[in-house]
1. Compute, for the chain, the length of the dipole vector about the Cα centre, with Cβ point charges of +1 (Lys, Arg) and -1 (Asp, Glu) only. Units Debye, rounded to 20.
2. Of the labelled options (i) 46; (ii) 43; (iii) 40, which one gives percent of Cα pairs over 15 Å apart as computed for this structure?
3. Given contacts defined as C-alpha pairs under 8 Å and at least six residues apart, what's the relative contact order of the chain, whole-number percent?
4. As an exercise, use a Förster radius of 22 Å and the Cβ-Cβ distance of GLU60 and GLU5 to find the FRET efficiency, rounded to the nearest 0.05.
5. Going by alpha carbons, how many degrees (0 to 90, nearest 10) lie between the helix axis of 29-47 and the longest principal axis of the chain?
Amino acid sequence: MPEKEMLQKNIEEFSRLQGYMSLAEKDSDVYKAMKERYIDLKVILTSSGINLTEIDRIKE
């Protein structure tokens, strides 16, 4: 998969995941599991040079 497509996929997943996180209780196991993926995606996107300022709604 080309890098551009991979970045787009990760950005879309990051955005979708934040929507799900906003619906879950912060102390739930589901939220904690989603937060792990959120952190993974945040690291991937940041290391790829993506500025998360505008798209990071969770800010954790």
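Each reported figure results from applying straightforward, stated rules to the coordinates on display, with no laboratory input. No experiment lies behind these values; they were computed from the predicted model shown. Cβ: placed from backbone, ideal geometry, glycine included. Neighbour counts: every protein chain shown.
1. 60
2. (i)
3. After rounding, I find 38 percent.
4. After rounding, the FRET efficiency stands at 0.20.
5. Value to nearest ten degrees: 20.
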